[in-house]
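Encoded as structure tokens, the structure appears first; notes follow it.
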Amino acid sequence: MSSHKLYFVIIADLIASKEIEDRENFQKDLSGFLKDLSKRSEKNGLVSPYTITLGDEFQAVYEKPQSLFEDVWEVIEFVYPVQIRWAIGYGQITTHINPEQSIGMDGPAFHQARDLMTQLKKSGHTVIGIKGKDLPVAPLANQSLLLLSSILEKWKENSVKICTRLLKGTSIEQIAEELAISPRAVYKNIRTNHIQEVIHLMEILKTDYMLLNE
């Protein structure tokens, strides 16, 4: 049982998933992608892998958020243009951690994430929300993420790809090469779409939350 340690529980909801063309193959591809992502993130704080639970929802558990925000953006890029709501709950898990699938677990961290997902669905926003009784700067972070949500909803695919790569530390020159555009176009996209502000917020959250559980 994990009665004292605190965890980050992610619940993600695919918006309007029933409208996705060839939904069966989409879910199959997503399942394979999440499996690969989970393998890569095992050494970066992921303790229970990304698991599709309700067809249009999937979840995972992190002990440390070393790659949490980078992983979120990788998923956002993979499913684009389908949009996702992300609810991150922080707290205890009162059952054994399941290292094979993110099912069969319970505790305050899951309750926080589920309550937050309900709130996000009611708000209609496509956003990353964070909730936890003992989580620092969560209210401020959510206000910032909410302000950015209208921007994120309007991003084109290249903006998402640029943000994902910047979070992983990819150089502007390498991004330009991968996207077959000029470095100048990359810089313009960053400036026009407020990508640097998003990167800055993700880095602040990662830095703050990496200090937890130490």
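None of the figures in this text is laboratory data; all of them are computed from the coordinates on show. All of these numbers come straight from a predicted model, not from anything done at the bench. Note that we place each Cβ from the backbone using ideal geometry, even for glycine, and neighbour counts take in every protein chain shown.
Quick check on the exposure proxy: order Tyr187, Tyr90 from fewest to most C-beta atoms within 10 angstrom.
Fewest to most other Cβ atoms nearby, the residues stand as Tyr187, Tyr90.
Could you work out how far apart the two model spin labels at Thr94 and His111 are, taking each label as a point 7 Å from the Cα in the direction of the beta carbon, and quote it in nm?
0.6 nm
Between Ala176, Ala12, Ala87, which gets the highest mean-square fluctuation from a Gaussian network model of the chain, Cα cutoff 10 Å?
Ala176
Considering the options Pro65, Ile97, Ala87, tell which one lies farthest towards the positive end of the dipole of segment 52-131, charges being +1 on Lys and Arg and -1 on Asp and Glu at the Cβ, about the Cα centre.
Positive-end residue among those listed: Ala87.
Just the Cα atoms of segment 1-65, one point each, no solvent: what log10 I(q)/I(0) does Debye give at q = 0.22, 0.24, 0.28 Å⁻¹?
-0.92, -1.02, -1.21
Can you flag which of Lys64/Lys188; Lys18/Lys168; Lys43/Lys188; Lys133/Lys161; Lys39/Lys161 are past 28 Å Cα-Cα?
Lys64/Lys188; Lys18/Lys168; Lys43/Lys188; Lys133/Lys161
When you take every Cα atom in the chain, what is the radius of gyration, and what is Dmax, the widest Cα pair distance, in Å?
16.8, 52
Can you compute the charge dipole magnitude of segment 2-210 about its Cα centre, using +1 on each Lys and Arg Cβ and -1 on each Asp and Glu Cβ, nothing else charged? Give it in debye, rounded to the nearest 20. All intermediate terms of the calculation are to be shown ahead of the outcome.
Working: 24 positive and 27 negative charges, 87 e Å.
The dipole of segment 2-210 has a size of about 420 debye.
Restricting to DSSP loop positions (anything but H, G, I, E, B) with no more than 14 other Cβ atoms inside 10 Å of their own Cβ, which trypsin sites (Lys or Arg not before Pro) remain in segment 137-199? Mind dumping the intermediate values first?
Working: sites: Lys154, Lys156, Lys161, Arg165, Lys168, Arg184, Lys188, Arg191; in loops: Lys154, Lys156, Lys168.
Here the trypsin sites (Lys or Arg not before Pro) that fit, given the DSSP loop and packing criteria, are Lys154, Lys156, Lys168.
Can you put Ile190, Ile10 in order, fewest other beta carbons within 10 Å first?
Working: Ile190 20, Ile10 25.
Neighbour counts put them in this order, fewest first: Ile190, Ile10.
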